[in-house]
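Engineer: One structure is given below, represented as structure tokens, and several questions about it will come after.
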Amino acid sequence: MVSAKRKVAELFEAAGVAIDGDRPWDIQVHDDRLYRRVLAEGSIGAGESYMVGWWDVERLDQFFQRVLGAQLDQVIRTPSTLWQVLLSRFANLQSRRRSRQVAEQHYDLSNRLYEAMLGPTMQYTCAYYGADGSGTGLDEAQRAKLSLIARKLHLEPGMRVLELGGGFGELARYLAAEHGCEVVSFNISRQQVDYARRICEGLPVDVRPKDYREAMDLPESFDRVVSVGLMEHVGPKNYRGFFELIRARLKAGGLALVHTIGGNVSRSMADAWITKYIFPGGVIPSEAQLTSAKEGLLVLEDWHNFGPDYDRTLMAWEANFLEAWPRLAERDNLDERFYRMWRYYLNCSAGAFRSRGLNLWQMVLSRGDVARYVPVR
């Protein structure tokens, strides 16, 4: 019988990764229990083993680029994976009650962590480094993303904008301060709502601590609807309802923009480790899922993919995180396990974008009553 170590070594070899090799992406194993755990538990076993120091690699991003590029995450199927697939078919894992879990577990972490990692724009979504990919630093690229969104929406002073999932409030602040818009923003993260209200004080921005679905009950319609970084939390069972909401709240002749991570394959669940430790209930949508869900409701005016910019964004976030770690650890009582978990999350995400398993899409939509839409880059 082939040993667990040999099986894992063969899997890594197919991805161009060696055990105890000397290249930056080769894995260094400190505890041989790793092999059986990976085979038995898949991504959960690999991620938790890294968190407790059973293995290391000099360049996590390059390791994940190869592992995910070879689709090793799809090769190992465990009982827990199969149970999650079955559960996702019958249960709405992104119900209103379940959706609050990700706000409490992930987005309500210390604001100091996000301020250190994200920089002054507090943008926790992909930056835009320009049509030719030559943008300079993270902060400038994040501001370029805000400008790109505004230009795609063809904003005019006095327009009313509905924002679904407002993050830390910078987009709402920008649309109000720089473009003269009135913004109503829905967000269920307590920390983010407080932060957004603070930076938008004195501006025509109404930040509401409500689930995005509650916008369906609004008695008014809007000139523009924008959603940046929310679709990843909506879930396949709710995609149709999401686009029905946009249709219901959008005025005649209006435009909507949806900014989301996108996958090449339709799925009903996310990676098990990411689900447990980072984004409970998160699912990355595919082209087929999104176009099917909006069919008959909205016209797709433009679809822009700048996924490689997310790799660059994530690596900039990691650099900021590493620089700030000593003071973060002290002030927020964060331990080595959290440090390894957070680096694992950032680097496996970067590897997924670099291997082109993930994309970043901006979709511009209308009710079909726009005579002509000219794409903006």
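The values are calculated or read from the model by the stated rules, or taken from the named source; none is laboratory data. All values reported here derive from a predicted model rather than from experimental measurement. Cβ coordinates were reconstructed from backbone atoms using ideal geometry, including for glycine residues, and neighbour counts include every protein chain displayed.
Engineer: Name the residues in segment 347-361 that are surrounded by fewer than 21 Cβ atoms within 10 Å (Cβ to Cβ) and either under 20 Å from Glu58 (Cβ atoms) or in contact with a Leu (Cβ under 7 Å, 6 or more places away or on another chain) (or both), would you?
Structural biologist: Within segment 347-361, Ser355, Gly357 qualify.
Engineer: Does Ala131 count as closer than 30 Å to Ala329 by Cβ, in the same structural domain as Gly351 (by TED's automatic domain parsing), among the hydrophobic types (A, V, I, L, M, F, W, C) and at pLDDT 60 or above? If you could, list the steps in order and put the result at the bottom.
Structural biologist: Details: closer than 30 Å to Ala329 by Cβ: no; in the same structural domain as Gly351 (by TED's automatic domain parsing): yes; among the hydrophobic types (A, V, I, L, M, F, W, C): yes; at pLDDT 60 or above: yes.
Judged against the criteria, Ala131 is not a match.
Engineer: Does Gln142 satisfy being part of a helix (DSSP H, G or I), at pLDDT 95 or above and among the polar types (S, T, N, Q)?
Structural biologist: Details: part of a helix (DSSP H, G or I): yes; at pLDDT 95 or above: yes; among the polar types (S, T, N, Q): yes.
So Gln142 fits the description; yes.
Engineer: In addition: Could you run through segment 157-169 and say how many residues are surrounded by fewer than 23 Cβ atoms within 10 Å (Cβ to Cβ) and either part of a loop (DSSP other than H, G, I, E, B) or of a type in the set (A, V, I, L, M) (or both)?
Structural biologist: Of all residues in segment 157-169, those surrounded by fewer than 23 Cβ atoms within 10 Å (Cβ to Cβ) come to 157-160.
From what's left, either part of a loop (DSSP other than H, G, I, E, B) or of a type in the set (A, V, I, L, M) (or both): 157-159.
So the answer is 3.
Engineer: Among Val265, Val283, which is the only one that is buried (at least 21 other Cβ atoms within 10 Å of the Cβ) and among the β-branched types (Val, Ile, Thr)?
Structural biologist: On the way: Val265 fails: buried (at least 21 other Cβ atoms within 10 Å of the Cβ).
Exactly one residue qualifies, and that residue is Val283.
Engineer: Picking from Trp342, Trp325, which residue would you name as being farther than 29 Å from Asp223 by Cβ and surrounded by 20 or more Cβ atoms within 10 Å (Cβ to Cβ)? Break it down stepwise before answering.
Structural biologist: Details: Trp325 fails: surrounded by 20 or more Cβ atoms within 10 Å (Cβ to Cβ).
Among Trp342, Trp325, only Trp342 is farther than 29 Å from Asp223 by Cβ and surrounded by 20 or more Cβ atoms within 10 Å (Cβ to Cβ).
Engineer: Can you tell me how many residues within segment 299-314 are in a helix (DSSP H, G or I) and either surrounded by fewer than 18 Cβ atoms within 10 Å (Cβ to Cβ) or at pLDDT below 95 (or both)?
Structural biologist: Within segment 299-314, the first condition is being in a helix (DSSP H, G or I), and the residues that meet it are 308-314.
Right, trim to either surrounded by fewer than 18 Cβ atoms within 10 Å (Cβ to Cβ) or at pLDDT below 95 (or both) and you get 308.
Adding up the residues that qualify gives 1.
Engineer: Being under 14 Å from Ser49 (Cα atoms) and either outside any helix (DSSP H, G or I) or touching a residue at least 60 places away in the same chain (Cβ under 8 Å) (or both) is the filter here, so list the residues in segment 337-350 that pass it.
Structural biologist: Hits for segment 337-350 are Arg337, Arg340, Met341, Arg343, Tyr344, Tyr345.
Engineer: Among the residues of segment 126-145, what is the count of those that are surrounded by 21 or more Cβ atoms within 10 Å (Cβ to Cβ) and within 15 Å of Tyr174 (Cβ to Cβ)?
Structural biologist: Pass one, segment 126-145, residues surrounded by 21 or more Cβ atoms within 10 Å (Cβ to Cβ): 126-129, 138, 141-142, 145.
With within 15 Å of Tyr174 (Cβ to Cβ) added as a condition, the list becomes 127-128, 141-142, 145.
Going through segment 126-145 one residue at a time, the tally reaches 5.
Engineer: Looking at segment 220-242, which of its residues are within 18 Å of the chain's Cα centre (by Cα) and assigned to a loop (DSSP other than H, G, I, E, B)?
Structural biologist: Across segment 220-242, the qualifying residues are Gly229, Leu230, Val234, Gly235.
Engineer: Here is a further query. Check whether at least one residue in segment 10-23 is touching a helix residue (DSSP H, G or I) at 6+ places or on another chain (Cβ under 9 Å), farther than 15 Å from Phe64 by Cα, at pLDDT 95 or above and buried (at least 21 other Cβ atoms within 10 Å of the Cβ), and report yes or no.
Structural biologist: no
Engineer: Considering only residues of segment 194-219 that are under 24 Å from the mean Cα position of the chain (by Cα) and assigned to a loop (DSSP other than H, G, I, E, B), which is surrounded by the most Cβ atoms within 10 Å (Cβ to Cβ)?
Structural biologist: Cys200
Engineer: Another question, then. Counting only residues that are basic (Lys, Arg) and modelled with pLDDT of 95 or more, which one in segment 187-204 is farthest from Ala215 (Cα to Cα)? So that I can check it myself, show each step before the final result.
Structural biologist: The first filter runs over segment 187-204 and keeps only residues basic (Lys, Arg), leaving 190, 197-198.
Checking which are modelled with pLDDT of 95 or more leaves us with 197-198.
Details: Arg197: 18, Arg198: 22 Å.
Once the filter is applied, the top-ranked residue is Arg198.
Engineer: Same structure, new question: Got at least one residue in segment 206-214 being at pLDDT 95 or above, touching a helix residue (DSSP H, G or I) at 6+ places or on another chain (Cβ under 7 Å) and among the hydroxyl-bearing types (Ser, Thr, Tyr)? Walk me through it before giving the result.
Structural biologist: First pass over segment 206-214, keeping only residues at pLDDT 95 or above: 206-214.
If we keep only those that are touching a helix residue (DSSP H, G or I) at 6+ places or on another chain (Cβ under 7 Å) as well, we get 207, 209, 211, 213.
Pick out the ones that are also among the hydroxyl-bearing types (Ser, Thr, Tyr) and you get none.
No, that holds for no residue.
Engineer: Right, something else. Considering only segment 255-265, I want to know if a residue exists there that is in contact (Cβ under 8 Å) with a residue 12 or more places away in the chain, in contact with a strand residue (DSSP E or B) (Cβ under 8 Å, 6 or more places away or on another chain) and over 27 Å from Leu138 (Cα atoms).
Structural biologist: Of all residues in segment 255-265, those in contact (Cβ under 8 Å) with a residue 12 or more places away in the chain come to 255-265.
Now drop any that are not in contact with a strand residue (DSSP E or B) (Cβ under 8 Å, 6 or more places away or on another chain), which leaves 255-265.
Still in the running and over 27 Å from Leu138 (Cα atoms): 255, 265.
Yes, that holds for at least one residue.
Engineer: Checking the structure you have, find out if any residue of segment 182-193 is under 20 Å from the mean Cα position of the chain (by Cα) and at positive phi. Full working, then the answer.
Structural biologist: Of segment 182-193, the ones under 20 Å from the mean Cα position of the chain (by Cα) are 185-193.
Filter again for at positive phi, leaving none.
No - not one qualifying residue is present in segment 182-193.
Engineer: Identify the residue in segment 354-377 that is part of a loop (DSSP other than H, G, I, E, B) and among the basic types (Lys, Arg) and, among all such residues, is nearest to Val225 (Cα to Cα). Even if it seems obvious, please write down each step before you answer.
Structural biologist: So in segment 354-377, the residues part of a loop (DSSP other than H, G, I, E, B) come out as 355-357, 367-377.
Okay, now just the ones that are also among the basic types (Lys, Arg), so 356, 367, 372, 377.
Details: Arg356: 28, Arg367: 12, Arg372: 18, Arg377: 19 Å.
Checked segment 354-377; the qualifying residue nearest to Val225 (Cα to Cα) is Arg367.
Engineer: To continue, here is another question. So, of the residues in segment 170-193 that are of a type outside the set (S, T, N, Q) and in contact (Cβ under 8 Å) with a residue 60 or more places away in the chain, which turns out to be surrounded by the most Cβ atoms within 10 Å (Cβ to Cβ)? So that I can check it myself, show each step before the final result.
Structural biologist: Here is the first cut: in segment 170-193, the ones of a type outside the set (S, T, N, Q) are 170-184, 186, 188, 190, 193.
Now narrow it down to the ones that are in contact (Cβ under 8 Å) with a residue 60 or more places away in the chain: 188, 190.
Values: Ile188: 23, Arg190: 14.
Top of the filtered list is Ile188.
Engineer: Return only the number of the condition from (1) surrounded by fewer than 20 Cβ atoms within 10 Å (Cβ to Cβ); (2) at negative phi that His154 does not satisfy.
Structural biologist: So the condition that His154 fails would be (2).
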